[in-house]
Every structure is written in structure tokens, then in C-alpha cells.
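Heads up, the thing below is written out as C-alpha cells.
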Amino acid sequence: MTTLILGGGVSGLVTAWQLQKRGEVTELWEAQDTVGGWVHTLPWPDLEGRPGYLERGPQGVLVAPDSAVDRLFKELDLEVRSPGHGARWVGKNGALIPVPAAPVALLLSKLLSFSAKLRMMMEPFIPVRSAEPEEGLSEFVTRRLGRGVAEDLLPAMVAGILAAPAESLSVDALPKLLYWETKGSLFQGMRSGGASSLMVPKGGMGMLPKRLAERLSGVRTGLRAEGLERLESGRWRVWGGGELREVDRVLLALPAYEASVLLGPIAPQSAEALAAIPYTSVRLRHSRHARLAPLDDSFGFLVHPPEGHGFLGALVPSWIDPDSAPSDLMQLRVFLGGAFETDAALSESAGVQKVLKSWVPKLGEPLQVREELADRAIPRPEMGHRGHVKAALAGLPQGMDWISNARFGPGVRDVVEGVEAWVDHQGAN
Ligand SMILES: Cc1cc2nc3c(=O)[nH]c(=O)nc-3n(C[C@H](O)[C@H](O)[C@H](O)COP(=O)(O)OP(=O)(O)OC[C@H]3O[C@@H](n4cnc5c(N)ncnc54)[C@H](O)[C@@H]3O)c2cc1C
């Protein structure tokens, strides 16, 4: 069987990898000149030309021993490193409150009241609910962990991952939660998967797609699919950029809105369902400052929304990977906007610096600043998402499938695990 994969982000590349490992012939078309989609590391030297980098998308990926990502990194001989579990804070009522990385250690955090902690400890005894019907994310967390966690911790975490208000989302926005519940409780589920650590390949996250593309055959860049047609034989004709292919199967490893455009003429039900999945844009402001303890030795902080008025938080990439900045500098990455109402002052770099200083008063002026817009970058699974995904998949003609983080979950880990399970399922049928 010949398969043409459209889209060379992590979804498309990992699908090609898993299929080629099983001996299948695949070709992959990526519209941009480089593979990786949002997983893209850009060089960012300092003012003296010393090397460093910034990430357009993920700063790292969560990896548990013998998980799908762990296996992938090993298969690709990628050298990876982990910063360990650094300090982190949630900004609330104008102050940064320490939050431990390990869930159990939350019992020591001042972020939660005594009664909220007691309720959280009851989680292992809360009965498992059927996954149907779809539940809101905040409702799910309230049911399992209590109102305190849902109101005081969840909003900042979700803003940091999905740049959207937790109360607007379906629990399908974080499918790992549903999976953990099937193990009896969230604590049990987390334990069964082994402890995860944040990992980064040496050279940045962009090394992952780069290495995949080097090891795969049939990867084409700068080739955008423009149309598809199902032939009487049941095969597919695909064209774009002056090229034309006839293949047995087409996999759309594309954001829902891109897949929807291609599907419009041939599968209107799927196209409509995919077009109904909203995406969030987020502004990223990268800056370098003189090092400042204890921030320079930490993961960073997230702000409890809506208190930040669109200032969602600041990570410390130079802690996550010391190679990202010269050793005497601290690199920050601020997340702005997303699906939140945003203060006009944050549209100026000086406005962002002022807010940063309100949280970290001793922070020095930035020595370098660079802004990037992640336009329509993050799927926003609101209530009803499950119905959109079901309708989209049900309407697809034979010999076609849609593979994306909007289907499998928001992070690289979700995509790699989702693709591995998808390919296993294909093999079983
Ligand atoms: C700012 C930001 C921060 C993030 N941080 C983290 C993090 O810390 N940890 C984590 O695990 N995850 C993080 N993520 C999420 C992670 O980046 C995504 O889950 C993942 O990259 C999605 O990959 P994808 O292949 O599904 O989609 P994409 O990366 O969107 O790839 C789709 C590809 O399809 C191509 N394409 C589009 N149309 C066509 C066409 N017609 N023909 C051919 N090709 C086409 C596009 O050019 C693109 O390369 C972050 C994302 C963003 C945006």
C-alpha cells in the first residue's frame, strides 16, 4: 500500500516513521521549506554573536521511561537532556506563590486552602464516571479533585498549555485526564505511566523533526497539497505545486482548518465538522536579561487568569536548556493573549516589561527582545469538540484519515502516543 501523508509537523513525520518501520511505503508533503510545523528551533545569537536559540513552539516534551516518546528518542539516537524539577510559581493577587512540580507535594503549597487539600486527597476514592457524555474540563477537575484545585490551580495551568480559559473547554482538551481516570483515579493513572520529566533534544526541539526527516525516505518540503480526488479504482489522486500523485491512501496530518479546505469538495460533512474546531493564536515575547536568582534557576511562572489581562506567564528557556542562551544571560519567554481579553498596554514591548517587573521587581531591562506570533497555532477543544471529531472521522471516505493534535491531544507527547496507537490499530485490522 502506498500512503501519501500531507503535513510535515510532528503528526505527519511520526506517522511516516511508524509506517515505514512496519515496511510501508510513504511519501510526505510539507508546505513550508522546513519540516516540523510548530516544532521549530530558530538560531538567536546574542549581541556579541554568541550562539543561542529560541523555540517557535514547544520548549520541551514530557517523557516517562519506556513511553512512546522515550522509544522514539532512542530509535532516532537523539541525545536528550532534562533540566529536572525546578521551582515554579503561580502569580495570584499580585504575588508569586510557589507550586511544586509533583502533584502530591501540592499538599504543601500555599496556593490551595486546607480544605482544598483535604478534598484533593480524596481523589483516589472518587468513583470513576463513564467518559460519556462529554464533560467540561472545569467540571471534570471539580468532580475529581474538588473546587479548590479547579478554581485556584487549573486556570493558570490551562492558560499555560492551551492559552484559553479552562471554563470554556471540554475535558477532551486534555485527554490524558480521561485516560488516567480509566485507571481508577488520576493519582493511580499518573503512577501507572511512571514519572515524567521534561526533556529537550540537544540542539533544541527542532532536532526531533530534523532527525525524523533525515531518517525517513520520501519527505518533500515546499510542496503544498492543493486538491484531492477519489478515483473510480478507489485510489486517490493528489496534486499541488505542479506535482501529481496516485496513491492507495491519503493521511491528512494537518490542522483542522487546513484539512477542512482540502475536504470541502469531496467530504463536506467532515469539512464542516473540522471547520467548527476553533484555534487560538498566541504572541510570544522572547527576551534576554542579566541573570537573576531565583528566577534564573526555575521553570518560570504562570499567572492566574484573568488577573494577567492577557499576560499568561513567563518561562525560563535558559533554565530548560542552558544552550539556548550564553551562560551569563537569562532568557525569558512570555505568553501573551491567546483566547483572553488582553490589555492594550501589552501590545508594546515596554508594556510587557512593566508587567514582568510587577511580578519580578528586580528584573533588569531586556538586552535583546524578539516577538513571534503563533497564528492559529493551538486547537481549542471547547464543549462539543468530541462531536466535531466524531463527525469529521465518520464523514471521511475510505482510504483517508485525519491525524492531528486536535484529535490526539495538545502536546508532542499526546501526538506521538496517539500516532503510535493509531498505527497499531491499523496493523490489528
Ligand atoms: C507556542 C506553542 C508552544 C507549545 N509548547 C508545547 C510544549 O511545551 N510541549 C508540548 O508537548 N507541546 C507544545 N506545543 C504543542 C505542539 O507544538 C503541537 O502539539 C505539535 O507541534 C502539533 O503538531 P502537528 O503536526 O499536529 O501540527 P503542525 O505543527 O501545525 O503541523 C502541520 C503541518 O502541516 C503543514 N501544512 C499545512 N497545510 C498543508 C498542505 N496543504 N500541504 C502540505 N502541508 C501542509 C504545515 O506547514 C505544518 O508544518 C506548543 C505549541 C505552540 C504553538
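At a glance:
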| item | result |
| --- | --- |
| Prolate/oblate/rounded call for region 1-76, Cα gyration tensor, a/c under 1.5 rounded | oblate |
| Cβ-Cβ FRET estimate between residue 118 and residue 421, R0 fixed at 56 Å, reported to 0.05 | 0.95 |
| Links that overshoot a 22 Å alpha carbon limit, given the list 92/357; 92/354; 202/354 | 202/354 |
| Lys/Arg +1, Asp/Glu -1 at C-beta; region 36-181 dipole; positive extreme among 103, 38, 173 | 103 |
| Calculated [θ] (222 nm, deg cm²/dmol) that DSSP helices of n ≥ 4 give over the chain, each run adding -39,500 (n - 2.57) | -9000 deg cm²/dmol |
| Whole-number percent relative contact order across region 7-137, with pairs defined as alpha carbons under 8 Å at least 6 apart | 11 percent |
| Per residue value of the accessible surface for the chain (all protein chains in place, 1.4 Å probe), Å² | 43 Å² |
| Rounded, prolate or oblate (a/c below 1.5 giving rounded, otherwise prolate when a/b exceeds b/c) for region 1-149 by Cα gyration tensor | oblate |
| For region 239-297, size of Cβ-based charge dipole, Lys and Arg +1, Asp and Glu -1, in debye | 380 debye |
| Proximal charge balance of residue 44 [Cβ under 14 Å; K/R count +1, D/E count -1] | -1 |
| The chain: relative contact order in percent, alpha carbon pairs under 8 Å with at least 6 residues between | 24 percent |
| Carbon plus sulfur fraction of accessible area for the chain, probe 1.4 Å, in percent | 56 percent |
| Value of relative contact order over region 1-63, rounded to a whole percent, pairs C-alpha under 8 Å and six or more apart | 28 percent |
| Most positive-pole-ward Cα, 8, 231, 342, against dipole of the chain from beta carbon charges | 342 |
| Simple Cβ-charge dipole of the chain, Lys/Arg +1 and Asp/Glu -1, about Cα centre, in debye nearest 20 | 840 debye |
| DSSP beta bridge pairing in the chain, given as percent antiparallel to the nearest 5 | 70 percent |
| 23 Å Cα-Cα reach of residue 183 towards lysines, excluding residues that sit fewer than 8 places from it in its own chain | 117 |
| Dipole of region 113-248, positive end: most advanced residue of 141, 161, 240 [Cβ charges, Cα centre] | 161 |
| Proximal aspartates and glutamates to residue 390, defined as alpha-carbon separation beneath 17 angstrom and excluding residues fewer than eight positions away on the same chain | 132, 134, 135, 172, 272, 382, 401 |
| Rough spin-label spacing in nm, given labels placed 7 Å along Cα→Cβ, for residue 66 and residue 182 | 1.9 nm |
| Magnitude of the charge dipole, region 93-188, Cβ model with Lys/Arg +1 and Asp/Glu -1, debye to 20 | 420 debye |
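The values are calculated or read from the model by the stated rules, or taken from the named source; none is laboratory data. These numbers come from a predicted model, not from an experiment. Heads up, the Cβs are rebuilt from the backbone with ideal geometry, glycines too, and the neighbour counts pull from every protein chain shown. Heavy atoms of the whole protein, side chains included, go into the accessibility calculation; ligands, DNA and RNA do not. Shrake-Rupley method; radii C 1.70, N 1.55, O 1.52, S 1.80 Å.
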